[in-house]
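The structure appears below as structure tokens.
Each reported figure results from applying straightforward, stated rules to the coordinates on display, with no laboratory input. Fair warning: this is a prediction, and the values are worked out from it, not measured in the lab. For neighbour counting, all protein chains shown are included, and Cβ atoms are generated from backbone atoms with ideal geometry for every residue, glycine included.
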Amino acid sequence: MLELVDLDIEQLGYRKFISSWVYQGEGGSFLVDPGPACTLDKLYGALDKLGVQTVDWIFLTHIHLDHAGGIGHVTERFDTARVVCHQKAVSHLVDPERLWEGSVKVLGDVAGIYGRMEPVPADRIVVTGHVDFESGVEVLDAPGHAAHHQCFAFNDLFFAGELFGIFQDLGDAVYLRPATPPRFILEEYIASLDRMAPHVDRKICFAHYGAYHNGAEILQMAKNQLRLWVDVVKGHVQRRGEPDMEAIIADLIAEDAVYARINALPEDIYKRERYYTVNTIRGILDYIRNNV
């Protein structure tokens, strides 16, 4: 049984944004991305309602605070759970101080609302390409959104983290936005998407937000978006010099029909997406400055 757990943050007005995935089966149970420290009560309440008394594995797609900020607390509550993360994430889980300082620098007051990450005991952390759970979980290196990003393929499920960006199912269409905070490297990101191609013939389980049945479609959409956004931002800089964020967003809406569906989002989600679009553009600007 697979369940999506909403980890809404009322203080930030976030809904249908941060989530955790919970799986229960014959081989036990696992969590994917337990979320920030400030939503632990929501996570624990959902697990209690689902009858989850033990957690065998915690899979981290990456260690940004909105995905893994609560990991230290969760490993205290479920004291036999093992944590699967990228090799580049291990030192930050054992000693989160540098991660916290970097998060405050990038996120400001939002980091304070997410809450500090508590350390994870080193002997609870596993770095592997395969987890022996039921039919097996493939752990797939997928840098792009972050250097320590990875995805998980299990049965007919693909836990994508932010590999494909930010997703919303609009019913008759989908909204997708790249998530490219600095340090973004286009070639590295495209290479990760290409490597995932053999694994996405599954239900895609997004970190932000929900699920979609056609992985091949989403993968191609994400590749097209990355290239298009780099071209649009580069063209803007070449024409105007100093970047104007509002003008760049207008250009993106005009050129990218998928992103243009931002205008169909509910008002609160629209405002959040406009805000985080700027972070995406900043990553692309950083890439352009270093590669032109």
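Looking only at residues in the range 247-275 that are surrounded by fewer than 17 Cβ atoms within 10 Å (Cβ to Cβ) and aromatic (Phe, Trp, Tyr), which one is farthest from residue 169 (Cα to Cα)?
275
Please list, ordered by first then second residue, the pairs with beta carbon atoms under 8 Å, 6 or more apart or interchain, first in the range 70-86 and touching a residue at least 40 places away in the same chain (Cβ under 8 Å), second surrounded by fewer than 24 Cβ atoms within 10 Å (Cβ to Cβ) and acidic (Asp, Glu).
Close Cβ pairs (under 8 Å, with a partner that is surrounded by fewer than 24 Cβ atoms within 10 Å (Cβ to Cβ) and acidic (Asp, Glu)) amount to 71/118; 72/118; 73/118; 76/118; 81/56; 82/56; 86/141.
Quick check on this structure: which one of 257, 247 is outside any helix (DSSP H, G or I) and either within 29 Å of residue 16 (Cα to Cα) or of a type in the set (A, V, I, L, M, F, W, C) (or both)?
Details: 247 fails: outside any helix (DSSP H, G or I).
Within the list 257, 247, the selection yields 257.
Within the range 153-184, can you find the residues that are more than 27 Å from residue 267 (Cβ to Cβ), in contact with a Gly (Cβ under 8 Å, 6 or more places away or on another chain) and crowded, with 24+ Cβ neighbours inside 10 Å?
Result: 158, 163, 184.
For the range 37-69, what are the residues that are surrounded by 16 or more Cβ atoms within 10 Å (Cβ to Cβ), small (Gly, Ala, Ser) and over 25 Å from residue 104 (Cα atoms)?
Passing the criteria: only 46.
Against the condition more than 16 Å from the chain's Cα centre (by Cα) and surrounded by fewer than 24 Cβ atoms within 10 Å (Cβ to Cβ), how does residue 191 come out, does it pass?
Against the criterion (more than 16 Å from the chain's Cα centre (by Cα) and surrounded by fewer than 24 Cβ atoms within 10 Å (Cβ to Cβ)), residue 191 qualifies.
I'd like to check which strands (runs of 3 or more DSSP E) are fully inside the range 158-234 and have at least 1 residues that are among the charged types (D, E, K, R). Steps first, answer last, please.
Details: elements: 166-169, 174-177, 203-206, 210-212.
Per the criteria, 166-169, 174-177, 203-206.
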